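Asks: Below you will find the structure I want to go over with you.
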Amino acid sequence: MNADCNAVFCALDNNDAIPLQVADTHGTEYFRVANTGNVGIGSAIPSEKLDVDGNIKSDQIKIGHNADIE
């Protein structure tokens with residue numbers, strides 16, 4: 001995979017509504033960090049801290065302080 005990156009770090013002020021996006025040269029977006037701090041994977045408008053549109057794979061999921069789901 002080749003990458004053509006123009007910037008690695010962007011500083012936004014509080015009035016800036018531009019999200020951080022990772023997309024290919026054809027415009028296919030892979031993930032974004034919205035100006036709200038929410039992260040979307042496969043979701044152009046993430047409504048939660050982590051918003052995934054699709055399947056996830058994990059060895060372990062922790063919810064709360066000590067709860068595990070396997």
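Asks: Quick check: pseudo-label points 7 Å beyond the Cα along Cα→Cβ at Ser58 and Glu29, how many nm apart are they?
Replies: Here the modelled spin labels are 2.3 nm apart.
Asks: Another one. Leaving out ligands, DNA and RNA, and with a 1.4 Å probe, what % of the accessible surface on the stretch 20-59 is carbon or sulfur?
Replies: 53
Asks: Then there is this: Taking amide hydrogens as modeled 1.01 Å from N in the peptide plane, which residues meet the under 5 Å criterion relative to Val52, leaving out close sequence neighbours?
Replies: The answer is Ile41.
The values are calculated or read from the model by the stated rules, or taken from the named source; none is laboratory data. This structure is a prediction, so every number in the text was calculated from the model and none was measured. A quick note on method: Cβ atoms are made from the backbone with ideal geometry, for glycine too, and the neighbour counts reach across all protein chains shown. Side chains included, ligands, DNA and RNA excluded: accessible areas come from the protein's heavy atoms. Shrake-Rupley method; radii C 1.70, N 1.55, O 1.52, S 1.80 Å.
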